[in-house]
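Reviewing the structure listed below.
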Amino acid sequence: MRLTKLEHAALVIEESGGELYVDPGKFTRPVPASAGAVAVVITHRHDDHWTPEQLTRIVAANPEARIFGPAGVAAAATGFAVETVEAGDTVEVGPFRLRFFGGRHAVIHPSIPVIDNLGVLVNDAIYYGGDSFTVPGVPVEVLAAPAAAPWMKISESMDYVVEVAPRRAFPTHEMVLSPAGMALSNVRLAWATEQGGGEYLPLEPGDAIEV
């Protein structure tokens, strides 16, 4: 597999000619309208993780692409054929095996309702928890580790990375940071990854790795 980090929470994963998009939202530049997409995963309904414009671009180039998300995404993304998934579900689509974990978004503040959120494990290798610290409880080859968000502090993300103990990790959810803040988060997340013997990769948008 080839994983390319896009801006903020978005990823694209390529395998055997198929592409999987994860969380293309408003802080991500318009995703490429390639004809290889077989699926899109949206972890939750917040617009930094999906927008109608991003989905329309992908679906226009790939009419058969399937869209997966929790019930809140299906309710928000009217006009799109979102297939509702829940924690514990496994879906096979093209060259991808998707396993879903969690169920709830991390608490931002008691005044803000908690919505549903699902983490996704792709081909038993790449794990992205969306806006949560849900630990999948299985070995993880590559972890998308949150660098900053209104729902977290860096110590929580460090603890999360230590608990997951991935072989490799890279930052996500970083568009709310200045360059100086990103550098600080990279140092802390690198330390956390190394506690389990893993390697931290400070990927920038557009960088890709082989998995």
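If you check Ile126, Ile115 for being aliphatic (A, V, I, L, M) and under 26 Å from Glu19 (Cβ atoms), only one passes: Ile126.
Determine whether region 153-166 contains at least one residue that is open to solvent by 30 Å² or more (accessible area, probe 1.4 Å), at pLDDT 95 or above and in contact with a strand residue (DSSP E or B) (Cβ under 6 Å, 6 or more places away or on another chain). No, because not a single residue in region 153-166 is open to solvent by 30 Å² or more (accessible area, probe 1.4 Å), at pLDDT 95 or above and in contact with a strand residue (DSSP E or B) (Cβ under 6 Å, 6 or more places away or on another chain).
Considering region 105-138, the residues that are at positive phi and open to solvent by 20 Å² or more (accessible area, probe 1.4 Å) include one that is farthest from the chain's Cα centre (by Cα), namely Gly137.
Considering only residues of region 187-206 that are open to solvent by less than 30 Å² (accessible area, probe 1.4 Å), in a helix (DSSP H, G or I) and touching a residue at least 24 places away in the same chain (Cβ under 8 Å), which is nearest to Gly25 (Cα to Cα)? Result: Leu189.
Among the residues of region 167-186, the ones that are open to solvent by 60 Å² or more (accessible area, probe 1.4 Å) and touching a Leu at 6+ places or on another chain (Cβ under 7 Å) come to 0 in all.
The values are calculated or read from the model by the stated rules, or taken from the named source; none is laboratory data. All of these numbers come straight from a predicted model, not from anything done at the bench. Backbone-built Cβ (ideal geometry, glycine too); neighbour counts: all protein chains shown. Note: areas computed on protein heavy atoms with side chains; ligands, DNA, RNA excluded. Shrake-Rupley method; radii C 1.70, N 1.55, O 1.52, S 1.80 Å.
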